[in-house]
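A short worksheet on the structure shown next.
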Amino acid sequence: MRPQAVLPNALAAVGDTPLIRLNRIPQAEGLKCNMLVKCEYFNAGGSVKDRIARRMLLSAEKKGILIPGKSVVIEPTSGNTGIGLALACAIKGYRCIIVLPEKMSKEKVNTLRALGAEVVRTPTEAAWDDPRSNIMTARRLKEEIPDAVILDQYNNLDNPTAHWATAEEIIEAITASEGPSEESSLNAGMGTSKSGGMPSVDSSSILGQPGARPLTPEESPELTPRGDGNLPAPSAVSTFASSGLVDVLVCGVGTGGTISGISSRIKRGDHNPTCHVLGVDPVGSTLALPATLNALEDGNDGSYKVEGIGYDFDPNTLNKALIDTWIKTEDQESFAGSRRLIREEGILAGGSSGAAIAGAIRFLKGDGWEKFGSKEGVNVVIVLPDSLRNYVTKPWLVEDAKEETHVY
C-alpha cells in the first residue's frame, strides 16, 4: 500500500489498490485455489480507468499535445475513463467534454457533471462507425471545436502501458506475506505502553466526561480491557498456501488495455510466462475468440446491460495474443456475481466486476478445474474495475435484497 504522506493532488491517489483474498465465495463453490481480487475502485476517481486517464493526460502534456489553458479534452467512453479524465481535467484546469451512450448509468453522468465535464449522450444501439455513435460524435466535435484533443483510449498505447504498474502491484502483493488480519485495527494508531503492550486508555478522554455512558448499552467483548488495562492482542496473521506467482489472471475486456497491459508484464520471464489469462466478454460483444463464441442464439438481439466491457470492434489497445481463454457472460450471472461480492465478501463491486467473478468461477469449475480450481496454492487474480457507486439506482443491485422496514 502507498506509504502515508501528504499527496500533492488527487492524481497522486491513483494506484496502489489492495489485493484482497475472497473467502466465502470459493468455499461455497468448492474451489481450492486462492481467489484474489484487485479492487480498483480504491483509485481516486473510483475505477481502474483512473490509471489510464492520468497517464494519457500527463503523457499528452509532456509531448505538447495538450496545452494548459488552451486545449479542450474530448473523449468517447463508457463512463469510467470519462470520470478519470474529468477528474484530471478538473485538477489541471482543462475544459472536458465526455461522449457516452444512453445506457450508461445516471450515477456516471452526475459524477461527470459534478466534476465540471460537459456530457453528450448518444444512442446505445449505434454501431461504432455510425455517425450517431459516441466515437463518431466525439470525432465530429473535435473537428468543430478549436484546440480540441481526443486522447483516444481505443488506440492510445498509454492505455495498456499504464497497467504495467498495476501488474507490478499485483506481483509485489503475491510475493509478499499476507497482510495483517482485520483485528490489527485494534492496535492501529494507539502506540504502545512501556511494557510493550497496548496503553491503558481513559474512556473519559474519548467519551467526553468521567463515567460517561457508552453509546451502545452493552460492552463489546472485543474491547473489554484485560486486568492490566491493555486491550487483548489481535490474533496472529493468518497464512495461506501460495505458489508465489500469478497463476491465472481474469479480466473483463473492453478497450483491452487492462488485460493486455497486466498480462504482458506478468508473462515476462522474471515472473510467470505460463500465467493463464482469461478474458471475460459479454454475450452480444464480438471481441472473443474463436469468433464462433460470439454467435447469438435465436431471439437474442445482441444488446446487454452490463457496462464498460464488450465492443463490436477490436480496439488497437487489445492484444488478443496474450489471452489464453475467452468466456462469455450473460447479464443475469454478471449482476448476480456483483451481488455475491457485496453480500458474501463485503466487496462493493459493480456489474463488470460481477462478470469477471462469474466468468472466473465457471472457468475454474469447468475447463480450469484440474489445473487450477482443484489445486491449493494456485493464485487466481481477478481485476474488479469499479464499485457500486456507479449503479446504486440500478434495479439489479438490490434484486434479491431484504425488504426495508419502517418504524412509525
Enumeration of residues in the stretch 79-93 that are in contact with a helix residue (DSSP H, G or I) (Cβ under 8 Å, 6 or more places away or on another chain) and surrounded by fewer than 23 Cβ atoms within 10 Å (Cβ to Cβ): ILE91, LYS92
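May I ask you to say which residue of SER303, SER264, SER238 is more than 25 Å from VAL381 (Cβ to Cβ), of a type outside the set (A, V, I, L, M, F, W, C) and either assigned to a helix (DSSP H, G or I) or at pLDDT below 95 (or both)?
Numbers: SER264 fails: more than 25 Å from VAL381 (Cβ to Cβ); SER238 fails: more than 25 Å from VAL381 (Cβ to Cβ).
Selected residue: SER303, the only one of SER303, SER264, SER238 that is more than 25 Å from VAL381 (Cβ to Cβ), of a type outside the set (A, V, I, L, M, F, W, C) and either assigned to a helix (DSSP H, G or I) or at pLDDT below 95 (or both).
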Count of the stretch 267-289 residues which are within 24 Å of CYS33 (Cβ to Cβ), in contact with a strand residue (DSSP E or B) (Cβ under 7 Å, 6 or more places away or on another chain) and either among the acidic types (Asp, Glu) or not in a loop (DSSP other than H, G, I, E, B) (or both): 6
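Do the conditions hold for ILE74, that is, is it open to solvent by 10 Å² or more (accessible area, probe 1.4 Å), in contact with a strand residue (DSSP E or B) (Cβ under 8 Å, 6 or more places away or on another chain) and at pLDDT 95 or above? Lay out the reasoning, then the answer.
Values: open to solvent by 10 Å² or more (accessible area, probe 1.4 Å): no; in contact with a strand residue (DSSP E or B) (Cβ under 8 Å, 6 or more places away or on another chain): yes; at pLDDT 95 or above: yes.
Considered against the rule, which asks whether it is open to solvent by 10 Å² or more (accessible area, probe 1.4 Å), in contact with a strand residue (DSSP E or B) (Cβ under 8 Å, 6 or more places away or on another chain) and at pLDDT 95 or above, ILE74 comes out as no.
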Yes/no for MET136 being buried (at least 18 other Cβ atoms within 10 Å of the Cβ) and free of Cβ contacts under 8 Å to residues at least 12 places away in the same chain: yes
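Please specify each residue of the stretch 12-42 satisfying the condition of being assigned to a loop (DSSP other than H, G, I, E, B), on the phi < 0 side of the Ramachandran plot and under 17 Å from the mean Cα position of the chain (by Cα). Break it down stepwise before answering.
The first filter runs over the stretch 12-42 and keeps only residues assigned to a loop (DSSP other than H, G, I, E, B), leaving 14-18, 22-23, 30-33.
Next, only the ones that are on the phi < 0 side of the Ramachandran plot stay: 14, 17-18, 22-23, 31-33.
Residues satisfying the conditions are VAL14, THR17, PRO18, LEU22.
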Test: residue in the stretch 60-68 that is modelled with pLDDT of 95 or more, crowded, with 16+ Cβ neighbours inside 10 Å and hydrophobic (A, V, I, L, M, F, W, C): yes
Scope the stretch 315-361; condition of a type outside the set (A, V, I, L, M), open to solvent by 20 Å² or more (accessible area, probe 1.4 Å) and touching a strand residue (DSSP E or B) at 6+ places or on another chain (Cβ under 6 Å); matching residues: ASP324, THR325, TRP326, LYS328, GLU330
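Any idea which residue in the stretch 87-131 is farthest from the chain's Cα centre (by Cα), counting only those that are in a helix (DSSP H, G or I) and among the basic types (Lys, Arg)? Explain how you work it out, then say what you get.
Within the stretch 87-131, the first condition is being in a helix (DSSP H, G or I), and the residues that meet it are 87-92, 106-114.
With the extra rule that they be among the basic types (Lys, Arg), the set shrinks to 92, 106, 108, 113.
Details: LYS92: 24, LYS106: 19, LYS108: 15, ARG113: 22 Å.
The selected residue is LYS92.
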Every residue from the stretch 116-136 that is within 19 Å of LEU287 (Cα to Cα) and not acidic (Asp, Glu): THR124, ALA126, ALA127, TRP128, SER133, ASN134, ILE135
Residue in the stretch 62-81 that is closer than 20 Å to LEU384 by Cβ and either part of a helix (DSSP H, G or I) or free of Cβ contacts under 8 Å to residues at least 60 places away in the same chain (or both) present: yes
Scan of the stretch 139-156 for residues that are open to solvent by 20 Å² or more (accessible area, probe 1.4 Å) and touching a Gly at 6+ places or on another chain (Cβ under 9 Å), ordered by number: ASN156
Complete set of residues in the stretch 290-314 that are surrounded by 15 or more Cβ atoms within 10 Å (Cβ to Cβ) and aliphatic (A, V, I, L, M): LEU293, VAL306, ILE309
Residue pairs meeting the criteria (Cβ under 6 Å; at least 6 apart or on separate chains; first within 23 Å of LEU57 (Cβ to Cβ), in the stretch 1-20; second aromatic (Phe, Trp, Tyr) and open to solvent by 50 Å² or more (accessible area, probe 1.4 Å)): THR17/PHE42
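Between VAL283, VAL248, which is closer than 25 Å to ARG51 by Cα and either over 20 Å from the mean Cα position of the chain (by Cα) or open to solvent by less than 10 Å² (accessible area, probe 1.4 Å) (or both)?
Step by step, each of VAL283, VAL248 is checked, and only VAL248 is closer than 25 Å to ARG51 by Cα and either over 20 Å from the mean Cα position of the chain (by Cα) or open to solvent by less than 10 Å² (accessible area, probe 1.4 Å) (or both).
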Residue match in the stretch 381-404 (condition: assigned to a helix (DSSP H, G or I), open to solvent by 40 Å² or more (accessible area, probe 1.4 Å) and more than 21 Å from SER78 (Cβ to Cβ)): yes
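The values are calculated or read from the model by the stated rules, or taken from the named source; none is laboratory data. In this text, all values refer to a predicted model and were calculated from it rather than measured experimentally. Cβ atoms come from the backbone with ideal geometry, glycine included; neighbour counts cover every protein chain shown. The protein model used for the area step is the full one, side chains on, heavy atoms only, and it has no ligands, DNA or RNA in it. Shrake-Rupley method; radii C 1.70, N 1.55, O 1.52, S 1.80 Å.
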